1. Hey, how many Å between the Cα centroid of segment 116-195 and the Cα centroid of segment 241-263?
2. How much length would be gained if the chain were fully extended between T69 and H252, taking 0.36 nm per residue of separation minus their Cα-Cα distance, in nm to one decimal?
3. Tell me the net charge near N120. Cut-off is 10 Å between Cβ atoms, N120 excluded, with +1 for each Lys or Arg and -1 for each Asp or Glu.
4. Hey, can you grab everything whose amide H is under 5 Å from the amide H of L54? Only 5+ residues off in sequence or another chain; H modelled, so Pro and N-termini drop out.
5. Could you give the longest part of the chain that holds none of the trypsin sites (Lys or Arg not before Pro) found in DSSP loops with at most 12 neighbouring Cβ atoms within 10 Å?
6. Can you tell me, using C-alpha contacts under 8 Å and at least 6 residues apart, the relative contact order of segment 9-149 as a whole percent?
7. Length gain on complete extension for the stretch T115 to T42, per 0.36 nm per residue less the alpha carbon to alpha carbon distance?
8. Full extension from F376 to E198: what is 0.36 nm times the residue separation minus their Cα-Cα distance, to one decimal in nm?
Amino acid sequence: MESKSSYPDFTRQQAATLASRLRETRHLIQVVAGARQVGKTTLVRQVLERGDQLRLYVSADEPTLRDATWLRTQWDAARDLAVQSGDVGAVLAVDEIQKVQNWSETVKRLWDEDTGNGVNLRLVVLGSAPLLLQNGLTESLAGRFEQLWLPHWSFSEMRDAFGLNVEQYLYFGGYPGAAPLLDDPDRWRRYILDALVETTIARDVLLLTRVDKPALLRRLFELGCRYSGQILSYNKMVGQLQDAGNTTTLAHYLDLLAGVGMLRGLPKYAGEAVRRRGSSPKFQVLNTALMTVQSGLSPTEARNDREYRGRLVESAVGAHLANAATAGECEVFYWRDRNREVDFVVRSGARLMAIEVKSGRAAGAMPGLAAFDEAFAPQRTLVVGGDGVPVDVFLARPVGEWMAG
């Protein structure tokens with residue numbers, strides 16, 4: 001499948017934002033964050049190539065960790081470019097910065113040196129493990145950076161760039177690098193599993209954090225993908241996973257998977273933070289490709305299986321919301337009270353929205369918008385699918401527009 005355009009409007013807007021910041025903002029580090037294969041590297045390279053500044057792009061994405069000496073060497077080379085450039089300045093872009101040991105302390109020291117010496121060097125750092133990247137930023141670089149978040153590609157972006165219809169998007173999800181393989185589902189599946197899932201777990205989780213039970217983390221990921229859209233208590237997870245340890249370990253591993261943009265556990269909405277923290281999570285993939293690739297179903301089989309397609313639709317709606325939440329636009333929950341359930345509760349500031357997904361599931365699984373409305377008085381209730389808002393229409397609009405009414 002060939003691309004209809006180099007990038008959709010969303011990515012062009014992100015590129016324009018980064019280019020403007022590099023021209024006009026010397027005193028802040030530019031951070032480009034997001035999961036693997038969402039276009040971070042391509043976007044930054046294109047911005048650098050089209051700019052007037054001298055530039056140096058380097059990547060720390062190696063099987064073994066880089067160290068501070070490596071980073072200092074790249075920085076010195078970029079400083080030389082800055083001296084050559086005069087008033088125009090130079091840009092150093094470091095990809096997969098979280099792979100450099102003690103990267104944030106090193107960046108702070110070098111950045112503060114240049115600031116004090118008036119070196120005209122801009123810095124762009126890219127990272128595929130947003131949680132780990134954020135920890136380094138807040139611990140050492142507070143007040144020195146601004147972030148540009150690239151989420152998984154939405155339906156409208158995949159439609160505009162590659163011509164996907166909503167059925168294709170439900171199954172194949174939002175990985176632009178996999179789009180040329182859509183006509184060969186078996187090859188597409190190997191690409192997702194080998195180049196995305198395995199690389200993310202091996203390089204962005206196991207290499208960078210302490211994981212005492214790597215096999216358990218992998219099984220938890222597979223379980224979460226299979227049960228995306230379903231609520232599962234930690235105690236039930238322990239029953240389904242061998243050598244699961246305790247529920248604290250599982251909660252920590254789920255946080256790690258969320259931190260690399262693959263799988264989240266949505267908490268229960270109760271209006272009280274302490275009760276939300278203790279709730280059973282609702283599994284939610286951040287890209288439906290991670291769900292279908294674990295299923296073993298072909299695109300045709302997935303479309304014809306009414307129950308599975310219903311879960312796929314709900315997961316696509318949830319992924320659309322969860323990606324907005326990961327970018328800081330809102331918070332996303334589920335709600336359940338006995339046999340009454342709301343698929344998604346979205347909160348942004350003082351505004352609250354409840355969403356029910358009608359996707360061909362059994363009637364007993366339908367949520368209770370009326371009960372939630374009576375209990376919490378949301379500003380908006382929304383039905384997606386069935387006789388409500390068409391699924392493709394919902395997925396094509398940013399979450400903020402739905403929140404605004």
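Since every read-out is calculated from the coordinates, none of them should be taken as a lab result. Treat the numbers as computed from the prediction; the structure is a model and nothing was measured. Cβ placement follows ideal geometry from the backbone for every residue including glycine, while neighbour counts extend to all protein chains displayed.
1. 22 Å
2. Details: separation 183, 0.36 × 183 = 65.88 nm, distance 3.17 nm.
Taking T69 through H252 to full extension adds about 62.7 nm, to one decimal.
3. Working: positive: R26, R79, R122; negative: D87, D114.
In short, +1.
4. Residues meeting the criterion, in which the H sits 1.01 Å from N, are V91.
5. On the way: sites that count: K4, R210, R338.
Answer from the scan: 5-209.
6. On the way: 222 pairs, mean separation 50.3, N = 141.
For segment 9-149, the relative contact order is 36 percent.
7. Working: separation 73, 0.36 × 73 = 26.28 nm, distance 2.82 nm.
Stretched fully, the T115-T42 segment lengthens by 23.5 nm.
8. Details: separation 178, 0.36 × 178 = 64.08 nm, distance 4.17 nm.
In short, 59.9 nm is gained.
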